[in-house]
Amino acid sequence: MTSLPKPRGPLSDLVTSALRAVPGEPVDRIDVEPESADDAAVTLWMLHELLYGGFDEVDDRAEWEPELIRVRRRLEDDLEAQLRERWPGPPDGADLEADFFDWVADHDGPSLARHVQTHATEEQVLDLLRVRSVYHLKEADPTTWAIPRLPVAAKAALVELQYDEYGVGDPARLHAHLFARGMEASGLRPEHGAYVDESPAEILEQNNALSMFGLQRRLRAAAVGHLAAFEATSSVPSRRLAQGLERLGFPDEIIGYYREHVEADAVHEQVALRDICVSLVQEEPHLEPDVWFGAWACLDLEDRTARRMLAGWGVPA
Ligand SMILES: [Fe+2]
Ligand SMILES: [Fe+2]
């Protein structure tokens, strides 16, 4: 179980108090605007977390408290509006199946993996593991929400992919658990949410967008588009990260986590694109723009995180 993160402004402060007060009187209307990207991001992260593992000090009934759902929707709408405003739209004349991987490869953002491979210090890598743990310790969970929203062929393929992420029936091979073991072996805390307080808004926004895409049926195509881009940008960076961790003498458990993803995600990217995204669009052609939107959001949010982390270390992006 997870502890509530520290508030980052008036909205997260109010929502934290409301969460602690459930059950009791219904939550009063919360009309405070987020003061900053940090305030908005940590509030939405907390409200999403109610649908995953919850918090030690919050009653599970908070998950369906109407006023908290209203705040969540408002923050999700803001996040989606910001993403859609930055999005250039689907690439002109591109064919999803034929052109997707080239489109991903043409995207030229700053690479944290390249920095880790060649130059990062041990401190920088520990920083990165801490903030990445916000995602990896519940790896694959946000995409699982999309399963019941997909037509039959895409659903079968997503379940096959998730089965791998969840360790093919062996809890010791569950990816989130592999990461937890790697954290522990590296002297870091393996509990989910342990490092939310030190995670910048960019990291929380990555996680919030994933949860939002999974939790809103309307955005199911963005959820699987995000997955395809995520898997397509995982295999090579995972190899670079593993090499960087080896260079710095990190323990086998954490290197093994990244090694596992070199081969697994080279397969997953094919399944995610062809068997999930393309097959979804064959059934529901009007959803194609949102596949591109979700994929673009994955790349955009990762760029922002990379820039933020590199800037924090004084490394040019
Ligand atoms: Fe994985
Ligand atoms: Fe994967």
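The values are calculated or read from the model by the stated rules, or taken from the named source; none is laboratory data. Every value quoted in this text rests on a predicted model; they were computed, and no experiment measured them. Cβ: placed from backbone, ideal geometry, glycine included. Neighbour counts: every protein chain shown. The protein model used for the area step is the full one, side chains on, heavy atoms only, and it has no ligands, DNA or RNA in it. Shrake-Rupley method; radii C 1.70, N 1.55, O 1.52, S 1.80 Å.
A few points about this structure:
- Condition met for A242 (within 16 Å of ligand 1 (Cβ to nearest atom) and either under 20 Å from the mean Cα position of the chain (by Cα) or not hydroxyl-bearing (S, T, Y) (or both)): yes
- Among residues of the range 31-64, those that are of a type in the set (D, E, K, R) and either crowded, with 20+ Cβ neighbours inside 10 Å or under 17 Å from the mean Cα position of the chain (by Cα) (or both), counted: 3
- Looking across the range 1-30, the residues that are open to solvent by 40 Å² or more (accessible area, probe 1.4 Å) and in a loop (DSSP other than H, G, I, E, B) come down to M1, S3, K6, P7, R8, P23, G24, E25, P26, D28, R29.
Per-residue answers, yes or no, for (1) assigned by TED's automatic domain parsing to the domain that holds E198; (2) of a type in the set (D, E):
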| residue | (1), (2) |
| --- | --- |
| A18 | no, no |
| D28 | no, yes |
| V42 | no, no |
| D59 | no, yes |
| V104 | yes, no |
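- Within the range 143-153, the set of residues being surrounded by 14 or more Cβ atoms within 10 Å (Cβ to Cβ) and more than 19 Å from S211 (Cα to Cα) comprises A153 only.
- Only one of the numbered conditions (1) away from ligand 2 (no atom under 16 Å from the Cβ); (2) open to solvent by less than 70 Å² (accessible area, probe 1.4 Å); (3) farther than 11 Å from A228 by Cα is not met by Q282, and that is (2).
- Selected residue [within 23 Å of P90 (Cβ to Cβ) and either open to solvent by 20 Å² or more (accessible area, probe 1.4 Å) or of a type in the set (S, T, Y) (or both)] from F230, F213: F230
- Of residues in the range 231-264 being assigned to a helix (DSSP H, G or I) and over 23 Å from L188 (Cβ atoms), the one nearest to ligand 2 (Cβ to nearest atom): E231
- Of all positions in the range 175-193, at least one carries a residue that is buried (at least 22 other Cβ atoms within 10 Å of the Cβ) and at positive phi.
- Members of the range 79-94 found to be of a type in the set (A, V, I, L, M) and over 20 Å from the mean Cα position of the chain (by Cα), listed by number: A94
- Pairs, first under 16 Å from D38 (Cβ atoms) and aliphatic (A, V, I, L, M) in the range 187-206, second assigned to a loop (DSSP other than H, G, I, E, B) and open to solvent by less than 20 Å² (accessible area, probe 1.4 Å), C-beta under 6 Å, six or more apart: V196/P5
- Flag if P190 is closer than 20 Å to N208 by Cα and of a type outside the set (A, V, I, L, M, F, W, C): no
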